[in-house]
Amino acid sequence: MHKIALIIQREYLSRVKKKSFLLTTFLVPLLFIGMYAVVIIMAMNSKAPQTTVDVIDLSGQLAPKLENTSTITFRTLENGNIDIEKRALQDKGAENQCLLIIPSDVLNTQKVELYNTGKQSVAVVSTIESKLNNAIRNILITESGIDVAVLDKIKADVSINSKEMTADGEKDSSSYGAMGVSFFLAILIYITLFIYGSQVMRGIIEEKTSRIVEVIISSVKPFQLMMGKIIGIGLVGLTQFLLWVVLSLALSTVASSLMSKNEAVQMELNSKIDQDGVGAQEEVGSNDKLSVIMKTVKGIDFGYIITVFLIYYLGGYLIYSALFAMVGSAVDNETDTQQFMLPIIMPLLVTYMLSFSVMMNDPQGPVSFWLSMIPFTSPVAMLVRIPFGVPFWQLALSIVLLILGFLGTTYVAARIYRVGILMYGKKPTYKELMKWFTYKA
Amino acid sequence: MLEINHIVKQYAKHRALDDVSMKVESGKIFGLLGPNGAGKTSLIRIINQITAPDEGEIIFDGERLNPSHIGRIGYLPEERGLYKKMEIGEQMLYLAQLKGLSKHDAKVRIKHWFERLEMQTWWNKKVEDLSKGMQQKVQFVATVLHQPDLIILDEPFSGFDPVNADIIKREILDLNKGGATIIFSTHRMESVEELCHHIALINKSKKILDGDVRDIKNQFRDHTYTIQYRGNAETLHDTPTLFKVLSNEPHDHELVARIQVGEGQTINQVLSYLLPKVEIIGLQEVIPSIHDIFVKTVTSPNSVYHA
């Protein structure tokens, strides 16, 4: 036990002391914050160009109802000649100008033509479209004798505030919030399993090619060396998570306190949304939805989710790093690992892809259930399901299977590892690995 | 010190060791010889408990070999290796602690050895910054740091220049004088004759020769002598039973002949035959070198010798 502690210590310290570890630990949160900042800055600085729309209204009904917005000015050309105006536009070649031609039968056909010298931005086109829609609808409503004011009052926009009924009483839940969390966790576990698993593999290949492995296993058992490496690197991963959480919290606290001081920023952002938004009523609706999401994200039990995340991160890491260790011990260099990598990656990759389609749509269905039971897929699958609520017996069974899976994988990996690390100059096949498995220790 | 009893090691279709037995006596330098692929490394790995034998057992100091003996064995593998990016001092501490030394003891001993072999300035260097010979020296120190009772050296002189090879040879003899038993696996026969008390020869998975170096040499004597003499070269020719002339050539102002004494005859009889005919200046028995014995036994693999 003392020796395995020494190995863990060396594996851990030699990695944590590396400059690249410090770099990724500090750069990744900065990168996220930086990306966030760039988005905000870009949103603040992007002043949409003013566009002038010349309107030739052959129907004579719509033009007066087109109101200017902060970016679009409508200019009605009384008695304008279509051909002359078209040619004039072409000669001027101005980008921020276009010509809207409303035919006389627009109320029936609901078709208009817009001429541009270049390509108009989607925002401009859709704004014009919605202005026209509103105008036409209002005219049609008035024509059918309905009072627009009454109609506005009775217009429905339902926002579901879903409550989950649990033993503790009702609590807010929202599948939007849950989906966001599971999306994030699935990606996190998928990526980290590969990052740290392949670090284990590289470490073993390094020991094998530098031939120090023979010196070390004359002092410790191959199993101790393998487990020491796996645990040491796993702790490096946990350290990195911890530092990321602490740094992100610290940075976001600093950032949000800066933001609240700068009220102007907030105002600017709000007015941006208003400009780009189509109608005031819809804005209110989506704001409502947003607040519901925020509320449910706050309502999610992060303590529970983080505990489950850590259990599955550790279990999944131990299973996959044992597999990676097996591959590392069997080959002489990294290029030979290819043939063994695919079968290792497949289960996780399939789960990862299924989690965003089948599992998100039906988190309690049979596919979700089985994927969250099989130890090779459960680390990703269970994390996707957790925010939707998983019965306790399923969670317990899955964790037991995960532990059994880890023990089984480690047993197989250790038997191949102890032979593989002493084999040089052979490109191993699966058949060969099977043979190694049967060798006497 | 070490009793190796009927060891068999089977790898799939290849039998690496076939009923190999030998005894390594305490305080001796034991030469383990054999051509490449004979099974030496397999045997050494079994002694180091890196692999286990399929049959047979090894007795270490009266007990069946078990993990508690690991700290009493020092092993220098033929394929050397260290962590390339790790500092030398730190690396030595790590390896010594894995052998069961406390951090403090390890530090004291590393300092002692570094001073002894003039490596004090290497402590903070990385392995990749050292020459190959320097790396070998580091590895040798790592092997003996924990003062093992049994030291197993697989080709210890490969990669050393003659000056450093001599330093290492001196250290090996010193360790042996201090009571350590040494198993010494090599192809360099001259170092075997210089260092070893006892040798065992493995060929094609089987032990074919085992014994005290002097006894083996005696056993391989084939009654060949060189005679320096003055006189007529024609006088020295084969006789029907007494002796056979293998060579007979002038050397400086004298003649030197190699003769093989016939079955049942003695050198004295040969001398009394020759004395009246030529003036004898010198006589020496030709004792085969370990190199000759090695080549002879390996190229006629069906014979098994016992000394």
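The values are calculated or read from the model by the stated rules, or taken from the named source; none is laboratory data. These figures come from a predicted structure and were not determined experimentally. Neighbour counts run over all protein chains shown; Cβ positions are idealised from the backbone, glycine included. Only protein heavy atoms, including side chains, enter the accessible area calculation; ligands, DNA and RNA are left aside. Shrake-Rupley method; radii C 1.70, N 1.55, O 1.52, S 1.80 Å.
Summary of values
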item: Single residue of B:G81, B:G89 found to be more than 12 Å from chain A (Cβ to nearest Cβ) and small (G, A, S); result: B:G89
item: Residue within the stretch A:377-386 that is open to solvent by 40 Å² or more (accessible area, probe 1.4 Å) and either within 22 Å of A:L323 (Cβ to Cβ) or in the same structural domain as A:S210 (by TED's automatic domain parsing) (or both) present; result: no
item: All positions within the stretch B:278-300 that are in contact with a strand residue (DSSP E or B) (Cβ under 9 Å, 6 or more places away or on another chain) and either over 15 Å from B:M189 (Cβ atoms) or small (G, A, S) (or both); result: B:V278, B:E279, B:I280, B:I281, B:G282, B:L283, B:Q284, B:E285, B:V286
item: Criterion: under 30 Å from A:G328 (Cα atoms) and at pLDDT below 85 - qualifying residue of A:A88, A:A178, A:A156, A:A186; result: A:A186
item: Residue within the stretch B:83-91 that is in the same structural domain as B:F157 (by TED's automatic domain parsing), within 30 Å of B:H187 (Cβ to Cβ) and open to solvent by 10 Å² or more (accessible area, probe 1.4 Å) present; result: yes
item: Any hit, the stretch B:68-76, residues being part of a helix (DSSP H, G or I), small (G, A, S) and in contact with a Ser or Thr (Cβ under 9 Å, 6 or more places away or on another chain); result: yes
item: Sole exception among (1) out of contact with any Pro (no Cβ under 9 Å at 6 or more places or on another chain); (2) in a strand (DSSP E or B) for B:K9, by number; result: (1)
item: Members of the stretch B:117-136 that are touching a residue at least 40 places away in the same chain (Cβ under 8 Å) and basic (K, R); result: B:K126
item: Condition check for A:L407: under 28 Å from A:M360 (Cβ atoms), more than 14 Å from chain B (Cβ to nearest Cβ) and hydrophobic (A, V, I, L, M, F, W, C); result: no
item: Residue that is farthest from B:E190 (Cα to Cα), among those in the stretch B:155-179 that are of a type in the set (D, E) and surrounded by fewer than 17 Cβ atoms within 10 Å (Cβ to Cβ); result: B:D174
item: Residue within the stretch A:72-95 that is closer than 20 Å to A:V122 by Cβ and open to solvent by 60 Å² or more (accessible area, probe 1.4 Å) present; result: yes
item: Qualifying position, being within 14 Å of another protein chain (Cβ to nearest Cβ) and under 28 Å from A:V254 (Cβ atoms), among A:K3, A:K19; result: A:K19
item: Enumerated helices (runs of 4 or more DSSP H) restricted to the stretch B:192-307, each holding at least 3 residues that are exposed (fewer than 15 other Cβ atoms within 10 Å of the Cβ) and not assigned by TED's automatic domain parsing to the domain that holds B:E155; result: B:267-274, B:290-299
item: Long-range neighbours under 9 Å by Cβ, at least six apart or interchain, first residue touching a residue at least 40 places away in the same chain (Cβ under 8 Å) and closer than 16 Å to A:G197 by Cβ within the stretch A:400-425, second outside any helix (DSSP H, G or I) and open to solvent by less than 40 Å² (accessible area, probe 1.4 Å); result: A:L402/A:P375; A:G405/A:P375; A:F406/A:P375; A:T409/A:P375
item: Cβ-Cβ under 7 Å pairs, at least 6 apart or on other chains, the stretch B:43-64 side within 14 Å of chain A (Cβ to nearest Cβ), far side of a type in the set (V, I, T) and part of a loop (DSSP other than H, G, I, E, B); result: B:R45/B:T51
item: Candidates B:K111, B:K132, filtered to the one that is modelled with pLDDT of 90 or more and either outside the structural domain of B:F60 (by TED's automatic domain parsing) or open to solvent by 50 Å² or more (accessible area, probe 1.4 Å) (or both); result: B:K111
item: Entirely in the stretch A:1-95, the helices (runs of 4 or more DSSP H) that have 2 or more residues that are more than 30 Å from A:G232 (Cα to Cα) and among the charged types (D, E, K, R); result: A:82-92
item: Options B:K177, B:K217: the member that is free of Cβ contacts under 8 Å to residues at least 12 places away in the same chain and closer than 30 Å to B:I4 by Cβ; result: B:K177
item: Cβ pairs under 8 Å, 6+ apart, first in the stretch B:1-17 and over 23 Å from A:V419 (Cα atoms), second among the polar types (S, T, N, Q) and outside any strand (DSSP E or B); result: B:M1/B:S26
item: The lone exception for B:L33 - which of (1) away from every other protein chain (no Cβ under 13 Å); (2) more than 21 Å from the chain's Cα centre (by Cα) it fails; result: (2)
item: Hits in the stretch B:137-163 - residues which are aliphatic (A, V, I, L, M) and free of Cβ contacts under 8 Å to residues at least 12 places away in the same chain; result: B:V163
item: Condition met for B:G100 (under 29 Å from A:K17 (Cβ atoms), open to solvent by 20 Å² or more (accessible area, probe 1.4 Å), assigned to a loop (DSSP other than H, G, I, E, B) and within 14 Å of another protein chain (Cβ to nearest Cβ)); result: yes
item: Top-ranked residue in the stretch A:192-251 [being of a type in the set (D, E) and open to solvent by less than 50 Å² (accessible area, probe 1.4 Å); ranked as farthest from B:L98 (Cα to Cα)]; result: A:E207
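Each row is one residue, and each column tells you yes or no for (1) among the charged types (D, E, K, R); (2) at pLDDT 90 or above; (3) surrounded by fewer than 17 Cβ atoms within 10 Å (Cβ to Cβ); (4) in contact with a Phe, Trp or Tyr (Cβ under 7 Å, 6 or more places away or on another chain).
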position	(1), (2), (3), (4)
B:M1	no, no, no, no
B:K23	yes, yes, yes, no
B:G39	no, no, no, no
B:D54	yes, no, yes, no
B:I73	no, yes, no, no
